Amino acid sequence: MGLNVGSLLGAAHDRPVATSGPARGLQEAAINAHNALVGGGGAGIGYAAAEQLLRSGHRVVITGRRAEQLQSAALRLGRDPGGTVHTLVNDVSEPKSAASAVEGVENLFGTLDVLVLNAGGPPPGRILEVGDDRWQQGFELLLLGPLRLARLALPAMAARGFGRVVFVTSTAVRQPQPDLAASVVLRSAVTAAAKLLSLEFAADGVTVNCVAPGATDTERRREILNARARSGAGTFEDLDAADVARIPAGRTGRPEEIGAAIAFLASADAGYINGTVLTVDGGRTETI
């Protein structure tokens, strides 16, 4: 389970440091550091979230289904000083995975303080093209799996007086895309679930929010554009250009920009932000 990539700040957790100058900043970061579990941390938005959390001084466990990808990600993350990172091979869609994930973090760090619920989206398809098996797979991946983790993590966070849960959803919840039917429907349910969860332990220092990315430069976006190209909607290049043309910022988002939004919501400074959706899409979503 544990490829451990230490860092300069990791050593600072175990000894006092000076209280002035740059060392004071390190001390404050160490005091404010928490233990985070990041889903889908081997690539894309999950990797970027882990990177931003590490730079904020958090200790991070990245999870995913592919051990080799996770280990490669952890090695890359470890080159940038800012925290301690471990890996945990885990499939959030498996019913028993939640208990093993939470136990894994607690065995490493003692507590789980920050939970980033991020997973790859289901395959593209229009609403009547998605069969029962694909609905069930998406249901386990995007809704049931994350809820199992939240069910285990939130009460313990509340008992300690601090916790952050961030669901990574999509702007397609507010501005549906017909060929992403499973994602639209299931992430809408996730958004509703996050709102309900946000009410449960708000008085105990726990917040639950969503980050909704728009078009972001990830493998997932390339998968969607390739699927549209195969359906005859146009070439990949033309579809890419048309997609970007609809973004007021004139470009796709960078994963690290989504990661920064996640890291902010996970911080102590975001303690009064609860039950909301932070849209990160360059201004593309048309609704207010």
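The values are calculated or read from the model by the stated rules, or taken from the named source; none is laboratory data. Every value quoted in this text rests on a predicted model; they were computed, and no experiment measured them. Counting neighbours? That spans all protein chains shown, and the Cβs are built from the backbone with ideal geometry, glycine included. To get the accessible areas, we keep the full protein, side chains included, count just its heavy atoms, and leave off ligands, DNA and RNA. Shrake-Rupley method; radii C 1.70, N 1.55, O 1.52, S 1.80 Å.
Looking only at the stretch 254-286, residues that are under 21 Å from A43 (Cβ atoms) and modelled with pLDDT under 95 come to 0 in all. Within the stretch 227-242, can one find any residue that is under 22 Å from L141 (Cβ atoms), touching a helix residue (DSSP H, G or I) at 6+ places or on another chain (Cβ under 8 Å) and at pLDDT below 95? Yes, some residue in the stretch 227-242 is under 22 Å from L141 (Cβ atoms), touching a helix residue (DSSP H, G or I) at 6+ places or on another chain (Cβ under 8 Å) and at pLDDT below 95.
Residues to consider are T252, T279, T235, T216; find the one that is more than 15 Å from the chain's Cα centre (by Cα) and closer than 29 Å to V60 by Cβ.
Numbers: T279 fails: more than 15 Å from the chain's Cα centre (by Cα); T235 fails: closer than 29 Å to V60 by Cβ; T216 fails: more than 15 Å from the chain's Cα centre (by Cα).
On inspection, the qualifying residue turns out to be T252.
Pick out the one residue from V92, V116 that is in contact with a Pro (Cβ under 8 Å, 6 or more places away or on another chain), among the hydrophobic types (A, V, I, L, M, F, W, C) and not in a helix (DSSP H, G or I). Even if it seems obvious, please write down each step before you answer.
On the way: V116 fails: in contact with a Pro (Cβ under 8 Å, 6 or more places away or on another chain).
Answer to the check: V92.
Cβ separations smaller than 7 Å between residues 6+ apart or across chains give the following pairs from the stretch 182-207 residues that are at positive phi to residues that are buried (at least 23 other Cβ atoms within 10 Å of the Cβ) and outside any helix (DSSP H, G or I): G205/G163.
Give the residues of the stretch 31-46 that are in a helix (DSSP H, G or I), under 19 Å from G145 (Cα atoms) and either in contact with a helix residue (DSSP H, G or I) (Cβ under 6 Å, 6 or more places away or on another chain) or charged (D, E, K, R) (or both), sorted by residue number. Full working, then the answer.
The initial filter retains those residues of the stretch 31-46 that are in a helix (DSSP H, G or I), namely 31-32, 44-46.
If we keep only those that are under 19 Å from G145 (Cα atoms) too, we end up with 45-46.
Answer for the stretch 31-46, where residues must be in a helix (DSSP H, G or I), under 19 Å from G145 (Cα atoms) and either in contact with a helix residue (DSSP H, G or I) (Cβ under 6 Å, 6 or more places away or on another chain) or charged (D, E, K, R) (or both): just I45.
Whenever a residue of the stretch 112-135 is closer than 26 Å to A43 by Cα, its partners that are outside any strand (DSSP E or B) and aromatic (F, W, Y), lying with C-beta atoms within less than 8 angstrom and at least six residues away or across chains, give the pairs D113/F162. The residues in the stretch 38-64 that are open to solvent by less than 10 Å² (accessible area, probe 1.4 Å) and among the basic types (K, R) can be counted, and the count is 0. In the stretch 53-73 there is no residue that is out of contact with any Cys (no Cβ under 7 Å at 6 or more places or on another chain), part of a loop (DSSP other than H, G, I, E, B) and without any contact (Cβ under 8 Å) to a residue 12 or more places away in the chain. Go through the residues of the stretch 34-49 one by one and say whether even a single one is modelled with pLDDT under 95, under 19 Å from V116 (Cα atoms) and among the hydrophobic types (A, V, I, L, M, F, W, C). Within the stretch 34-49 (the criterion being modelled with pLDDT under 95, under 19 Å from V116 (Cα atoms) and among the hydrophobic types (A, V, I, L, M, F, W, C)), the answer is no, since none of the residues qualifies.
For the stretch 258-278, taking the residues that are in contact (Cβ under 8 Å) with a residue 60 or more places away in the chain, under 14 Å from L53 (Cα atoms) and not hydrophobic (A, V, I, L, M, F, W, C), the one that is least open to solvent (accessible area, probe 1.4 Å) is identified as G259.
Residue-by-condition table, conditions (1) at pLDDT 95 or above; (2) open to solvent by 40 Å² or more (accessible area, probe 1.4 Å); (3) in a helix (DSSP H, G or I):
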{"site": "L149", "(1), (2), (3)": "yes, no, yes"}
{"site": "Q177", "(1), (2), (3)": "no, yes, no"}
{"site": "V184", "(1), (2), (3)": "yes, no, yes"}
{"site": "S188", "(1), (2), (3)": "yes, yes, yes"}
{"site": "T191", "(1), (2), (3)": "yes, no, yes"}
{"site": "A203", "(1), (2), (3)": "yes, yes, yes"}
{"site": "T207", "(1), (2), (3)": "yes, no, no"}
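Residues in the stretch 223-234 that are of a type outside the set (V, I, T), in contact (Cβ under 8 Å) with a residue 12 or more places away in the chain and open to solvent by 10 Å² or more (accessible area, probe 1.4 Å): how many? Count: 4.
Is there a residue being more than 30 Å from Y272 (Cβ to Cβ) and of a type in the set (V, I, T) anywhere in the stretch 130-142? Checked against the condition, which is being more than 30 Å from Y272 (Cβ to Cβ) and of a type in the set (V, I, T), the stretch 130-142 yields at least one hit.
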